[in-house]
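Data first, discussion second: the structure below is written as structure tokens.
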Amino acid sequence: MFKNIISKQEQQLLSTAIENSKNVVIVAHVAPDGDAVGSSLALRGVLKNIGKNVEVVMPDTLPNSIMFLQGASEIKIYKNSQEECKSIISNADTLFCLDFNEPKRTDLMQDTIMEAKAYKVMIDHHMYPFDFCNLVISYPQISSTSLLVYKIIVQLGFDSYVGKAEAEAIYTGMMTDTGNFSYNSNDSDIYIAISQLLNRGINKDEIYKIVCNTSTIDKLKLNSYAISEKMEILDGGVAIITLSRAELNRYSYQKGDTEGLVNQPLGIDGVNISIFYREESNYVKVSLRSVGEYAVNQIASELYNGGGHKNASGGEFFGSMEDAIKLLKAHIQKYI
Ligand code: 5GP
Ligand code: MN
């Protein structure tokens, strides 16, 4: 069993909020990943099993690779049905904000979240949580929000409401936020949790296959092209990869097709920082990864209006690909 993760007082506040709520709403960050969706669906499942009305609202669509999770297709997408989502969020008694630390990360949804009258609970693992929730449960040292949610569920005494579907959701989030337990994954509690989730009947090998190792010819070719033709290694052990809209289109890019690409260059001896730039319709999405003491969240926040974890961050650059790279090259000395 785990040690208690939240204080007795927080536990009391949380239990009371859940007990007194008829409508619970769960929201997570834009471009929801395995951890955002996994933690949300796990909490949704448990609260539904307890008998609550629960809705999950995300700013935009989910990657196909996690649509197998139970409840994924019932998640409301704010971008696609704004009025309905606004009304759901406004009518929440308790609003859980999962896997993000500042309202900005929910994109179009932020005003609705800020204006909601609900009791707001943040459960997250990013550094420097903003002060916009009534109850802030923030543990940057925990590798995924999914593991944190699981620990809280256990502490609240709700573990008997964790079925196979909820276990799959938790496992998915734990797996994706640690690169299938290849970084940020030396905490022994992770493996205690996995053992308990396996006892709920999950098939971890199958989940890995569905989420991380399902490809198409185009996807494989796009990733190979990116590495063979578009990777540059800068002095100081910084790898950069860029993909323009035209290049993405050439390989019929689908959301999620470049997931994991940014990690690849870190396998090269001497590469400590890897940055992947993907051109979107009106901005460049930047993904950053590093090893050890190199803090890419600093680069993300200082150059690309973003943030994240020390070794895994992201941001956005509103300008051309060329200018995004120029900016990096002008400042990279500071970070290496
Ligand atoms: P990814 O590169 O997979 O999109 O993001 C890696 C991590 O960086 C995410 O888990 C999240 O913590 C953070 N992140 C990604 N994009 C942004 C962004 O635009 N702003 C902030 N603050 N964090 C981001
Ligand atoms: Mn996360």
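A few comments on the model shown:
- Among the residues of region 109-124, those identified as within 16 Å of ligand 1 (Cβ to nearest atom) and either touching a residue at least 60 places away in the same chain (Cβ under 8 Å) or farther than 22 Å from Ala300 by Cα (or both) are Met109, Ile113, Met122, Ile123.
- Positions within region 231-255 being of a type outside the set (A, V, I, L, M, F, W, C) and either crowded, with 17+ Cβ neighbours inside 10 Å or not assigned by TED's automatic domain parsing to the domain that holds Glu279 (or both), in sequence order: Gly237, Thr242, Glu247, Tyr251, Tyr253
- Under the condition of being crowded, with 18+ Cβ neighbours inside 10 Å and out of contact with any His (no Cβ under 9 Å at 6 or more places or on another chain), the residues counted in region 136-164 number 10.
- Just so you know, in region 33-77 the residues that are within 16 Å of ligand 1 (Cβ to nearest atom), of a type in the set (D, E, K, R) and not in a helix (DSSP H, G or I) include one that is nearest to the chain's Cα centre (by Cα), and it is Asp33.
- The residue that is nearest to the chain's Cα centre (by Cα), among those in region 78-134 that are among the acidic types (Asp, Glu) and buried (at least 17 other Cβ atoms within 10 Å of the Cβ), is Asp99.
- Qualifying residues in region 289-336 (those that are within 17 Å of Val271 (Cβ to Cβ) and near ligand 1 (Cβ under 7 Å from one of its atoms)) - the one surrounded by the fewest Cβ atoms within 10 Å (Cβ to Cβ): Ala312
- Members of region 196-207 that are within 15 Å of Ser160 (Cα to Cα) and loosely packed, with under 13 Cβ neighbours inside 10 Å: Asn199, Gly201
The values are calculated or read from the model by the stated rules, or taken from the named source; none is laboratory data. Owing to the predicted nature of the structure, the values given are computational and were not obtained by experimental measurement. Here the Cβ is made from the backbone with ideal geometry for all residues, glycine too, and neighbour counts use every protein chain on show.
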